[in-house]
C-alpha cells in the first residue's frame, strides 16, 4: 500500500535535516501509532517494518511505547487461577 501526503515546503526541509529517509520515518511513525491504538499486533508491526522482534522492541522504546501491564487486580486474579490449577493438579497426583 502506498500512502502520500503533502507537507509545507519549510516543514519538509526541517524534517529532511532530522531524518535521512523521511518516508521511512513517516511510515514507522504511522505503524507505531497503529500499534499503540491496538490496530496492529507486535508481530504485524515487526513484519510491516521488516525487522526482528528485538528490533521492534527497540523501535517501540524509542517511540516511548510501553507494555500494557496488568493492574494489580488482574495480576491477583491470574495468580489465584494459577494456584487453583496447581492445587487441582496436586489433588489428582500430577504434581
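Report relative contact order for the chain in percent, whole number only (criteria: Cα-Cα under 8 Å, sequence separation at least 6).
Values: 27 pairs, mean separation 12.1, N = 95.
About 13 percent, as a whole number.
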Helix-only [θ]222 nm of the chain, DSSP H runs n ≥ 4, -39500 (n - 2.57) each, per residue, nearest 500: -21000 deg cm²/dmol
Looking at the chain as a GNM with Cα springs under 10 Å, which of 21, 54, 76 has the largest mean-square fluctuation? 76
Mind pulling the angle between the C-alpha long axis of helix 22-36 and the longest principal axis of the chain? Nearest 10 degrees, somewhere in 0 to 90. 30 degrees
Please state the Cα pair-distance histogram of the chain with 5 angstrom bins from zero: what percent is in each bin? 2, 11, 15, 14, 11, 12, 9, 7, 6, 4, 3, 3, 2, 1, 0
In whole Å, what are the Cα extents of region 21-72 along the three principal axes, biggest one first? 42, 19, 18
Gained length - residue 36 relative to residue 24, 0.36 nm times residue gap less alpha-carbon distance: 2.5 nm
Given labels modelled 7 Å from the Cα in the Cβ direction, how far is it in nm from residue 55 to residue 83? 4.4 nm
Tell me, in nm to one decimal, what length is gained between residue 14 and residue 73 on full extension, where the rule is 0.36 nm per residue of separation less the Cα-Cα distance? 16.6 nm
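Quick note: the coordinates plus some simple rules give every number you see, no bench work behind them. What you see is a predicted model; the values in this text were computed from it and never measured. A quick note on method: Cβ atoms are made from the backbone with ideal geometry, for glycine too, and the neighbour counts reach across all protein chains shown.
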